[in-house]
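What follows is one structure encoded as structure tokens, with my remarks underneath.
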Amino acid sequence: MRGTQRVITFCLLTTVLPAILIISPLYLRNIKYADVMYKVSDSDVIQIHKGQSSIFCAKHSLKMNSTFNAFQMKGRPVLSKKRRHVTLRKSMTLPDDTLEYWGFYLFAGAVVELKACSRYEGSKIMVVTGDKVFNTCGILEGGKNKKDSLLVEKDGHVSVTLQNPKNETENFETLSDDNNDANEDIAPIPGDQRQKRGTEFLPLHNPNTILDAGVNHGGNAQNNATIEMDKSVSSFENSLHECYQDNILMNNAFPYSIQCNNTQYLETTTTLKVVHEVSTDGYYYYIFYSDNDFVNNDVHVIFDIYKPTFQYSNITDTKMCLNKTECEFDVNMFSEELVIVEVPTTDGIKNDDNNILMSVCHPRMSVYIFFPVSMILFILLFAFL
């Protein structure tokens, strides 16, 4: 090469290429495979993809402000026959024409047993199927019905009875005759002692792959003072029916008593009992609302949820950590293994008590050292052209 061509080639090989070799590892370490913080809730099960690579990461470490379980494995776990028992006790105050809902992601085979009572007449429960982002058709904003189609297969395995705690049960209404054994292989989940930890400021991410999800809670009962609704009792309920239509699994009033002032009342008195046997994986929402024009209605509910658990077979001790706030896994070169994190269900699960999970890729130095060594070799090799 002679003249201009030689000068241009020399500049490219001694400046541009080395610059690329300097910038690339900085980009990979600080952006592509930087530390990632996830916002997770109780009972979430997630698979971690973001910020991880079997080529550029030698280790994968996790840290959270409460205990968790983690498993390093190839592929996704399968559901086992065992179930975990989750109990939620919820109390709410419902003014007229307002609602409050609790949503769960449930696998086929899960069973939800629900007991409820209200202090005054007029409270009702509606069970519907939905999507991850719950469509309320503009009802929470007090606007007109803005129905969007919900393409979810209907699950009709719901029965409603009046149950006496002394094992006396009176049939009230039956919407399905299908029954499963809800008590088979039930594994209780112990409560966790929360430990608050400070974390550095990083943007929070939603998990890439959610295998199981926590509680979804919402409604307009908490901010009803700013909502202007049509005061017709039938109008509000009709809006609910128009919104969910064929996705309604049940809609029922439940017993009321002036003595219904806490969830302990449900353990000693004949109350409404809803049994929902899930036949299709999906999101299910339990909507509570009141049709009482005169008083704010106090509602108390106990959820007993029996959820199938994942099975982690043939996993060695080095590829799992249980009930830890920090753990670390070695990452083999070109491995297809990913880490799955389970957030145990705590006693009296709280939807607004989110946990912060930090995922860290520890750089594989044998790969990163290639960049500066290559830069030096290129400069020496082409300096004598």
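Derivation of every value follows stated rules applied to the coordinates shown; laboratory data play no part. Since this is a predicted model, take the numbers as computed values, not measurements. In this analysis, Cβ positions are derived from the backbone assuming ideal geometry, glycine residues included, and neighbour counts consider all displayed protein chains.
Tabulated data
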read-out: Calculated FRET value between Val295 and Thr269, using beta carbons and R₀ = 22 Å, to 0.05; value: 0.60
read-out: Peptides 360-366, 276-282, 375-381 ordered by average Cβ neighbours within 10 Å, highest first; value: 276-282, 360-366, 375-381
read-out: Lys39-Asp330 pseudo-label distance in nm [points 7 Å out on the Cα-to-Cβ vector]; value: 3.7 nm
read-out: Label-to-label distance, nm, for residues given as Cys11 and Asn314 (7 Å Cα→Cβ offset); value: 5.9 nm
read-out: Label point distance in nm, Arg84-Ser54, each placed 7 Å from Cα along Cα→Cβ; value: 2.8 nm
